[in-house]
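**Q** First, the structure itself, so that you have it in front of you.
The values are calculated or read from the model by the stated rules, or taken from the named source; none is laboratory data. Quick caveat: nothing in here was measured; it's all calculated off a predicted structure. Neighbour counts run over all protein chains shown; Cβ positions are idealised from the backbone, glycine included.
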Amino acid sequence: MAFPLENADLTDLHDRSEEIEDLLAGAGPDLVSALQAIQRRYGFLPRSVLRHLSRRNGIPLARVYGVATFYSSFFLAPRGKHVLRVCCGTACHVGGSTRILEALSDDLGIQPGETTEDFQFTLDTVGCVGCCSLAPVIAVGDESYGRLTRTSAVDVAAALRAAEDTDATP
């Protein structure tokens with residue numbers, strides 16, 4: 001999956017027209033399948049590709065956006081490589097998830113629903129991640145981190161940053 005630096009759009013749509021056409025042809029006529037294919041390729045739903053999909057398939061742009069915004073699994077802006085999902089369910093809330101969220105927000109310099117400028121992190125809240133006995137919890141990809149404090153939550157983000165730095169070293 002790509003992590004483009006464009007602000008919610010692809011500026012080189014003309015150069016990518018064949019790639020996009022192949023992507024849409026492979027997705028078939030179903031709108032949700034097409035949106036899933038687009039997001040799988042780009043990591044979000046670029047405006048220009050949604051306009052292209054609308055014209056190509058004869059679907060009103062308002063309907064394309066209606067479906068894209070109805071489902072919480074679709075994103076209209078680029079997301080970070082690491083999506084930190086802070087559980088705000090009852091057990092986590094009682095256990096201090098608000099403090100965890102504040103610590104991560106302060107550390108990353110973003111609010112919930114936002115992505116860092118380097119596209120490394122997106123901070124989200126979720127109703128429950130299903131690890132109530134480990135409250136408070138954050139989930140990153142398929143990993144869950146529990147019994148967190150403000151410090152240990154920030155340590156999770158630091159470890160992800162350090163792993164990126166290690167991966168980037170030749």
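**Q** Kindly indicate which of Leu35, Leu84 is within 30 Å of Tyr145 (Cα to Cα), aliphatic (A, V, I, L, M) and touching a Leu at 6+ places or on another chain (Cβ under 8 Å).
**A** Matching residue, one of Leu35, Leu84: Leu84.
**Q** I'd like to check something: does the stretch 140-151 contain any residue that is assigned to a helix (DSSP H, G or I), over 19 Å from Ser73 (Cβ atoms) and at pLDDT 95 or above?
**A** Yes, the conditions are met somewhere in the stretch 140-151.
**Q** Could you tell me which of the residues Asp107, Asp124 is under 11 Å from the mean Cα position of the chain (by Cα), surrounded by 16 or more Cβ atoms within 10 Å (Cβ to Cβ), not in a loop (DSSP other than H, G, I, E, B) and not assigned by TED's automatic domain parsing to the domain that holds Pro29?
**A** From the options Asp107, Asp124, the qualifying one is Asp124.
**Q** Give me the pairs, please: first residue somewhere in the stretch 81-96 and of a type in the set (Lys, Arg), second residue anywhere and outside any strand (DSSP E or B), beta-carbon distance under 8 Å, and either six or more positions apart or on two chains.
**A** From the stretch 81-96, the pairs are Lys81/Phe3; Lys81/Phe119; Lys81/Gln120; Lys81/Glu164; Arg85/Val129.
**Q** Of the numbered conditions (1) out of contact with any helix residue (DSSP H, G or I) (no Cβ under 7 Å at 6 or more places or on another chain); (2) not assigned by TED's automatic domain parsing to the domain that holds Leu35, Ser73 satisfies every one except a single condition; which is it?
**A** Single failed check for Ser73: (2).
**Q** While we're looking at this one, here's another question. Being part of a helix (DSSP H, G or I) and buried (at least 16 other Cβ atoms within 10 Å of the Cβ) is the filter here; which residues of the stretch 80-104 pass it?
**A** Ala91, Cys92, Gly95, Ser97, Ile100, Leu101, Ala103, Leu104
**Q** If you don't mind, there's one more thing I want to ask. Counting just the residues of the stretch 14-44 that are on the phi < 0 side of the Ramachandran plot, outside any helix (DSSP H, G or I) and surrounded by fewer than 16 Cβ atoms within 10 Å (Cβ to Cβ), which one comes out modelled with the lowest pLDDT?
**A** His14
**Q** While we're looking at this one, here's another question. Only one of Glu164, Glu117 is modelled with pLDDT under 95, of a type in the set (Asp, Glu) and assigned to a helix (DSSP H, G or I). Can you tell me which?
**A** The conditions single out Glu164.
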